[in-house]
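Let me begin by presenting the structure, written as structure tokens, before commenting on it.
Each value in this text was obtained by applying a stated rule to the coordinates, not by laboratory testing. None of these values were measured; they are calculated from a predicted model. So basically every Cβ, Gly included, is an ideal-geometry build from the backbone, and we count neighbours across all protein chains shown.
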Amino acid sequence: PIVHALGATHPLALAPVTAPPASVDGFVREFLHNLNFELGVSLSASSVNDRYLALAQTVRDYLMARWLDDQRRLSEIKPKTVCYLSAEYLLGRQLDNNLLAARLTDVATEALAACGVSLEELREIEVEPGLGNGGLGRLAACFIDSLATMSVPSIGYGIRYEYGIFRQTFVDGQQVEQPDSWLRLGSPWEFPHPEAAQTISFGGHTEKYVDDDGVERSRWIPGWNVLAVPYNYMVPGYHNGRVNTLRLWRAVATSSFDLRVFNSGDYEEAVRAQTYAENISKVLYPEDSTPQGKELRLQQQYFFVAASISDFLENVLGDGVELEKLPSRVIFQLNDTHPVIAVPELMRVLLDERRLDWDDAWAITQQCFAYTCHTLLPEALEVWSVDLLGRLLPRHLEIIYRINEEFLEAVRERFGDDEMRIRNMSIIGEHPYRSVRMAYLATVAGAKVNGVAELHSQLLRDKVLPDFDEFYPGKFTNVTNGVTPRRFIRLANPDLASLITEALGAGWTIDLERLRGLEAYAEDPEFRAKFAAVKASNKRRLSDVLHVRDGFDVSEDHMLDVMVKRLHEYKRQMLKVLHIVTEYEGIASGRVAASAVQPRTFVFGAKAAPGYIMAKRIIHLINAVGKVVNEDPRVEGRLKVLFPPNYNVTLAERLIPAADLSEQISLAGKEASGTGNMKFALNGALTVGTDDGANVEIRQLVGDDNFFLFGMTEPEVEALWAKGYRPADFYQQDDDLRRAIDLIASGAFSDGDRSVFEPIVSNLLYDDRFMVLADYSSYIAAQAQVDAAYADQDAWTRSAILNIARCGFFSSDRSMRDYIDRIWHTPPVL
Ligand code: KOT
């Protein structure tokens, strides 16, 4: 139909787009064509990067027919569509995932080999797009994978940052950040559409006027604007022939960017103005769970949601959908509060551009949004100062005020003039400065509000938003997070995947509850031996990777004890350090025989936000302890500490399959869910963990015998705070703890300089917001149980298999089903 419109007559122009033949010959032909005609090089003269780019283009060519067809089909069927609005997508490498989805891995391997090219070598040079910080961004990536695999009509919207999460290096054990120029060698997976750019406005003022029908209206006279250029990415479903779209926006200066300056002849100033506009999509803010309230950040947020809403209304919905029917065509899912400015934006479009009256616009808006909260930390709840918001988006601030007025009016009607409650529920906070509480705005506007694990959703209702829960019965719900088994089992752990398929047949990758079938195999000695062999081989593979990357060696007969996640005090990497120092001090002092502990390699992976000083100190300490431990002959062959820099999705895919022990040790009530915990369990690591986030659900499923639980529960944490927490008391009363802290304080890890880690020590002794000392003894006891359990390798392996068998629940496919049932009501379109 599209070609008809152009008046095409040639039969080829009328034929549907077709994929190249999925044969080795077909693949070779396509690959060489791309190398010669797209990259302009011969095979013999090509670089590894040329060959990688040509391969990526070839994979795209195979997916293209499906992508175009899906777009056409959906524009005809007009189903309700999920628009996932997320400031972050932590995608990881694309090549292998796309080969797998399109069932091309074997053909590509053979075809390349026939050209004398190693697929493995090409895989290794791909730079992952690190367009996210951690859990929240990786979750978005898992969700779009599952939506495509389940044939759910959906679009991911976000920002195409020119620089993703910084590259971490260590200099003298301290973190140094380097820009992540992920686009430098070309970006073969994206399709830019500069002609489809949207103009996004900022600043200026508002005014009232009377329209042609005599109705008083408001309008926004913006002060400046930028272009939002869409870059489309394919999101292929696994083995289902579907390809969804991820649309990321890039900021480009408008030609009229600052005509005033141009006209005045100040060329340099005009160029500066261009740069200013283009800064909007320049760099990902590297703060995880601690937003900084910077103006550029608010610009980013508005920039991408305004472009996305307008794109959806104009290009996806297209001609003449009745606005009252909008809720039957779209649900905008807000990935935390970062995109919440979309709420007043949709209101503005409906009111000012489409001329709806307030009540109609609000009724529509309230059905079109749903909000996912990913935190409980008070400092992570985003607020924008009214000053800043009013300057950047004056019309939106007016709309927010009106939403708040009407909301508080309804609260008054319901609860009476309870001023305390009204102040607590107001979308506008007054202290320490007047500000918009974005989580409240999202809660008022969202049809549903969900937390990301059972415990988190409960605490959200009880502790963070109790008044809202009472006011809006039925609005709050839970959807426990999940992870994609395609990337995190099938691709990351191919030998385990083969072993599972051998036992259960294919099909488990899209129906992960089938892993239950492995329970019986846990009792089979032959299967256990095969599983143990896979684990050992994954350790060797990891060792190879770390050897090349960092010069580290991992020994196969060590327990691999892994803690990988952002560095944050609430996650308590410090507790892990105290455990290591305790083990080290015990052996080094001669009180504990080296032979009495299981040989262990401790692996850390963690980035700290560049401005988070305490987190950076802890990174320094981990490296310092690692250096001393690794160089001390008294613990040689027993204890080893590895901290490869720049932990990212690519490294996660190597580390997780090799791990024996998964560290999930946050203070109870602080980790909303965790998703690393799920990835480890699904790869047959046992968890040592607190009763926090999704750990609770993991333990319920795998059983107490297959999980090392320690630490206070959330109510116990609350009780200890209420009673008055004095960390120094724990230090005084526990000999091991005292020795560990004293050793750090003594300068043993800082060449005798006691000042280096003094701030960490005094923070632990006199503040310790996350109660590391209170949970220390329980943690050490749990680690003793870990040691004892690991001594019986066969029993450990049995537990590991049971962990896999019982964690099928944590597939992101299940998360998507829950969102569809409880929130979106967007069935698959098959
Ligand atoms: C970041 C900024 C503001 C508010 C929350 C965040 C945030 C939360 N970033 N990452 N998270 C994590 O999200 C994951 C996915 O839901 C959770 O598993 C994890 O517990 C959160 O910390």
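Points to keep in mind about this one:
- On the basis of the beta-carbon distance and an R0 of 30 Å, L12 and R123 show a calculated FRET efficiency of 0.30.
- Centroid-to-centroid separation of segment 630-650 and segment 796-830 [C-alpha atoms, Å]: 34 Å
- Residues C368, C807, sorted so that the one with the fewest Cβ neighbours within 10 Å comes first: C368, C807
- Quarter of the Cα convex hull surface for the chain, i.e. its orientation-mean projected area (nm²): 38.9 nm²
- Extending 7 Å from the Cα toward the beta-carbon at both A596 and Q367 defines two label points whose distance is 6.9 nm.
- Under the convention that each Lys and Arg Cβ holds +1 and each Asp and Glu Cβ holds -1, the size of the dipole of segment 488-600 around its Cα centre is about 420 debye.
- Mean separation of Cα pairs under 8 Å and 6 or more residues apart, divided by the residue count, gives the chain a relative contact order of 13 percent.
- Length gained on full extension, D753 to E379: 131.3 nm, using 0.36 nm per residue less the C-alpha separation.
- Gained length - N315 relative to R73, 0.36 nm times residue gap less alpha-carbon distance: 85.6 nm
- The phi torsions of segment 816-830, fed into the Karplus equation with coefficients 6.51, -1.76 and 1.60 and a -60° offset, translate into couplings of 5, 4, 5, 4, 5, 5, 9, 10, 8, 6, 10, x, x, 10, 8 Hz, rounded to whole numbers, with Gly and Pro shown as x.
- Sum of -39500 (n - 2.57) over DSSP H runs of 4+, divided by residues of the chain (222 nm, nearest 500): -13500 deg cm²/dmol
- Taking every alpha-carbon pair under 8 Å whose residues sit at least 6 apart, segment 487-810 reaches a relative contact order of 23 percent.
- Listed residues A681, W721, I618: farthest to the positive end of the dipole of segment 487-810 (Cβ charges): I618
- Measuring nothing but how far apart in sequence close Cα pairs (under 8 Å, 6+ apart) lie, relative to its length, segment 201-260 scores a relative contact order of 29 percent.
- Calculated FRET efficiency for the pair E409/A5, C-beta based, R₀ 51 Å, to 0.05: 0.50
- In this structure, the amide hydrogen of M559, modeled 1.01 Å from its nitrogen in the peptide plane, lies closer than 5 angstrom to those of R600, T601, counting only residues at least 5 positions away or on a different chain.
- In terms of surrounding Cβ atoms within a 10 Å radius of their Cβ, S385, S146 rank from fewest to most as S385, S146.
- Rounded to whole Hz, the Karplus (6.51, -1.76, 1.60) HN-Hα couplings of segment 795-807, x for glycine and proline: 5, 4, 4, 4, 4, 4, 5, 5, 4, 5, 4, 9, 10
- With θ taken as phi - 60° and the Karplus curve 6.51 cos²θ - 1.76 cosθ + 1.60 applied, the whole-hertz 3J(HN,Hα) list for segment 519-533 is 3, 4, 5, 4, 8, 9, x, 5, 5, 4, 5, 5, 4, 4, 5 Hz, x standing for glycine and proline.
- Fewest neighbouring Cβ atoms within 10 Å first, the residues W721, W384, W67 line up as W721, W67, W384.
- Beta bridges per DSSP, both residues in the chain: antiparallel share near 45 percent.
- In a reduced charge model with +1 at each Lys and Arg Cβ and -1 at each Asp and Glu Cβ, the chain shows a dipole moment near 800 debye about its Cα centre.
- Cβ-defined net charge surrounding F37, 13 Å radius [Lys, Arg +1; Asp, Glu -1]: -3
- Cut-off under 5 Å, modelled amide H: who pairs with V330 long-range: T81
- Local charge for E718 was computed over the other residues whose Cβ lies under 15 Å away, with Lys and Arg +1 and Asp and Glu -1, and equals -2.
- Chain lengthening between L720 and E631 when straightened (0.36 nm per residue, less Cα-Cα): 28.1 nm
- Förster radius 60 Å - calculated FRET efficiency between A533 and V210 (Cβ-Cβ, nearest 0.05): 0.15
- For the chain, with +1 on Lys and Arg beta carbons and -1 on Asp and Glu, the positive-most of L334, A307, V436 along the dipole: A307
- With at most 16 neighbouring Cβ atoms within 10 Å, loop GluC sites (Glu not before Pro) (DSSP) excluded, longest segment of the chain: 1-321
- In this structure the amide hydrogen of K448, modeled in the peptide plane, comes within under 5 Å of the amide hydrogens of Y371, none closer than 5 places in sequence on its chain.
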